[in-house]
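Single-structure report; data block below.
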Amino acid sequence: MDPYIAGTSSGAALGAVAAYLAASALGNAYLFFAYQAALAFALALAASALTVTFGRGNIYATVIAGVAISYLFSALTILALSYLARANPQLPPITFWLFGYLTYVDYKYDAVLAAAAAAVVGLAYLEARRIDLVAISDEISSVRGIRPSRYRLAWLIGISLATALVVAKVGVIGFVGFMVPHIARILLKNGSATALVPASAALGALTLTLSAAVSRGALGFEVPVTAITSLIAVPVMVLALSHARRGD
Amino acid sequence: MRVEGIRLSLGGREVLRGVSFEAADGLTLILGPNGAGKTTLLRAMAGIYRPDAGVVEVEGPLGYLPAEFFNVDMRVADVLLAGGGRLEKYSWWLNVVGLAGYEERIFSTLSTGEKKLVLLAKALAEGRTVLLDEPTANLDPAHKALVMGLLSRLKKVKRFIAASHDLDLIDVADSVVLLRGGTAVQLRPEEVTDEELSKTYGARIRSFRLDGRRVFALDF
Ligand SMILES: Nc1ncnc2c1ncn2[C@@H]1O[C@H](COP(=O)(O)OP(=O)(O)OP(=O)(O)O)[C@@H](O)[C@H]1O
Ligand SMILES: [Mg+2]
C-alpha cells in the first residue's frame, strides 16, 4: 500500500505543519525541530489507522478511505498553513507540503533518511518469507507462529515512522510507492516479497532520482516532484490495470 | 489432542456452544451443514480465535490446509517457502501430491484444484498434526482418489483433522464429529448411520454398500 494512497503521508505533512503551528504559538522557534518528526509520526499513524479501520479488509473500501483521509488531512494542512503564512513568511510554501520538493534536503538530515530507508528495506528483505505467508493465509500464518493482525499492525507502525521522517523533510511525494512495486511486479512476473523488496528499492531510487532531475530544471523551470511522479504513474496504472484484467 | 467445551461467538452470534471431541491418532472427520462452524472450529484449533470458554489442546507442529486463501501471484516455490523452510523438502511433497515440476509456475494461474494440491503439499510438509478444511473439494475423481489414498496411508504417521462435506471420507476416517446446532456428537465411523446424517443435514440421505465401500444417494 502506497503511503500516499493510504493517507499516511498527508497525515505526516499535517503533523509536521502542526509542529510549526505549536512552535509559533509558543514563540519558540527551536521547539519544532525536536517535535516535528514525532508529531509527523503520530499523525501519519493516525491517518494509516483511520484508513485501515474504515477499509476493514476490503481493498476497494481501503483505497477509497485512503483517498478521503488524505484529502481530509491535506485540507487541514492548507488551513494551518494559510493561517501561518502571514506570520512566518520564511516557512516553506504550501506547495512544498502538498506536492513535495527535494530541494530543501540538507546533508545532516540525509543521513537520518538514508538510515531509516535502509532499516525499512533491510527489515522487509529479512522478513520477506513471513510477509509472503501473511499475504497467503491467516490460518497458515497462525500455525507457523505469526499473529497476522499484529504482524500487519507492526508493519503499519514501521512504515508510518519511515514515512513521517521523509515527509517532515521533503513534503508529500506521491505515487512512487504505488507505481514502483507495480512495475517491478510486471517486469519480474513474481509478487513474492523476496523479489519485490530489492527490485522496488532499486527501481524506486532510480525513479525518484530521474523525477527529481526533471522536476528541477529539465522543463526550464522548477516543479514539485509529485507532478512528475504522477505523470509517470498514470500510464503505469493503466498498464497495471490492463495487466490485471488479462489475469496473467 | 482434544477440544473440551469450547464456546465461541462471532459477530454477536454464538457459533460454538460447548463443543468437545478427542482427536486420537488417525483421521478425525468433522461433518456438518454450511455455517455449522467447521471452519470456525479449525481456526480456533489453529489459534486464530480465542474461545470464550473451554480448552484446546494441540500437539504441534501443525499444518493447515485453508479452504479460502489469497490468490497471490507468486511462484509455487515462493508459496511453499513462505514462512521459511527448505525447498527440497517441499519439492518432495509436491511430488507426492502429483505436481512434480510445478515449482516455477505462478500460483495465481493454477486451476482451483491445483492450488488446493499445492497448499496440501505445504500443509503435509509442515505438520505432524494437519488441519484440513475441505481437502477434497474441487478435485477431479482421479485427484480425489489420490488424496484419499494419501490420507489413509499417511494417517499412520500423521494425525489429521479434516472438515468436509464429502461423505466418502467417512470410509477413511477413524472417528467422526457431527456438528449441529453449535454442539458436537462424536461417533465411530460405523455409528454414522443414514439417520444420523439425515438429522445432521436436514435432508434425506441413504447409503448402500458396494465392494465394501459406502455409496450415498440424496433424495430431492
Ligand atoms: N468473522 C465472522 N463474523 C461473523 N460471523 C462469522 C464470522 N466467521 C464465521 N461467521 C459465522 O459463523 C458461522 C459458522 O461459519 P463457518 O465458516 O465456521 O461454517 P462452516 O461450517 O465452515 O460452513 P461451510 O460448510 O459453508 O464452510 C456462519 O454462520 C458464519 O456466518
Ligand atoms: Mg467452512
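The values are calculated or read from the model by the stated rules, or taken from the named source; none is laboratory data. Predicted, not measured: the structure shown is a model, and the values here were computed from it. Because the Cβ atoms are built from the backbone with ideal geometry, glycine has one as well, and the counts that use them run over all protein chains shown. What goes into the accessible areas is simple: the full protein's heavy atoms, side chains included, and nothing from ligands, DNA or RNA. Shrake-Rupley method; radii C 1.70, N 1.55, O 1.52, S 1.80 Å.
Of note:
- Taking 24 Å as the straight-line reach from the Cα of A:Lys189, the lysines in range (excluding those fewer than 8 positions away in the same chain) are B:Lys115, B:Lys116, B:Lys122.
- Once both labels are positioned 7 Å from their Cα atoms along Cα-to-Cβ, the gap between A:Phe54 and B:Arg153 label points is 5.6 nm.
- Taking packing as the residue-averaged number of other Cβ atoms within 10 angstrom, the listed peptides B:188-198, A:207-217 run from highest to lowest as A:207-217, B:188-198.
- Occluded residues from region B:78-112, i.e. those whose accessible area drops by 40 Å² or more once the chain is not alone (1.4 Å probe): B:Asp78, B:Ala82, B:Gly83
- Simple label model, 7 Å out from Cα along Cβ direction - B:Ala24 to B:Asn138, nm: 3.4 nm
- Projected label points at A:Leu231 and B:Glu190, each 7 Å from Cα along the beta carbon direction, are separated by 8.1 nanometres.
- DSSP beta bridge pairing in the protein assembly as shown, given as percent antiparallel to the nearest 5: 60 percent
- Our Cα-only numbers for region A:173-243 put the radius of gyration and Dmax at 12.8, 41 Å.
- For region B:22-33, putting each phi into the Karplus relation 6.51 cos²θ - 1.76 cosθ + 1.60 with θ = phi - 60° gives couplings of 10, 10, 6, 4, x, 10, 9, 9, 9, 10, x, x Hz, in residue order, rounded to whole numbers and with x for Gly and Pro.
- Per-residue mean of C-beta atoms belonging to partner chains within 10 Å, peptide A:191-201: 3
- Accessible surface comparison of B:Phe69, B:Phe208, B:Phe107, probe 1.4 Å, protein chains only, largest first: the order is B:Phe208, B:Phe69, B:Phe107.
- The accessible surface of the protein assembly as shown, taken with every protein chain in place and a 1.4 Å probe, is 62 percent carbon and sulfur.
- Relative contact order computed over region A:173-243 (Cα-Cα under 8 Å; 6+ residues apart), in percent: 42 percent
- Between the amide H of B:Leu132 and those of B:Leu65, B:Ile161, B:Ala162, B:Ala163, distances stay under 5 Å, these residues lying 5 or more places away or on another chain, with hydrogens modeled in the peptide plane.
- Residue-by-residue Karplus 3J(HN,Hα) for region B:161-177, coefficients 6.51, -1.76, 1.60, Hz, glycine and proline x: 10, 10, 9, 7, 9, 7, 5, 4, 5, 4, 5, 9, 7, 9, 7, 10, 10
- Entry comment: accessible area of the protein assembly as shown is 49 Å² per residue, from protein heavy atoms only and a probe of 1.4 Å.
- For the protein assembly as shown, the alpha-carbon radius of gyration amounts to 1.20 times the rule-of-thumb value 2.2 N^0.38 Å expected for a compact globular protein.
- Cα centroid separation, region B:62-122 to region B:147-168: 18 Å.
- Both radii are taken from the alpha-carbon atoms of region B:97-220; with Rh as the Kirkwood radius, Rg/Rh is 1.00.
- Accessible area that becomes buried as B packs against A, both chains, 1.4 Å probe, Å², nearest 100: 2000 Å²
- Largest first, the residues A:Arg144, B:Arg105, B:Arg214 sort by 1.4 Å accessible area into B:Arg105, A:Arg144, B:Arg214.
- Amide H contacts for A:Gly191 (H built 1.01 Å from N in the peptide plane; partners 5 or more residues away or on another chain; cut-off under 5 Å): B:Asp73, B:Met74, B:Arg75.
- By the helix-only formula, in which each DSSP H run with n ≥ 4 contributes -39500 (n - 2.57) and the sum is divided by residues, the protein assembly as shown has a 222 nm mean residue ellipticity of -18000 deg cm²/dmol.
- Within the assembled protein chains, the solvent-accessible surface assigned to B:Thr183 is about 60 Å², based on a 1.4 Å probe.
- Couplings for region A:117-132, taken from phi via the Karplus curve 6.51 cos²θ - 1.76 cosθ + 1.60 with θ = phi - 60°, read 5, 4, 5, 5, 5, x, 5, 4, 5, 5, 8, 3, 5, 6, 4, 4 Hz in order; Gly and Pro are left as x.
- Over chain B, the reciprocal of the mean inverse Cα-Cα separation, the Kirkwood hydrodynamic radius, stands at 18.1 Å.
- Amide H within-cut-off set for B:Arg180, under 5 Å, with H built and near neighbours excluded: B:Val185
- Extension gain for the segment A:Leu219 to A:Ile64, taken as residue separation times 0.36 nm less the Cα-Cα distance, is 52.5 nm to one decimal.
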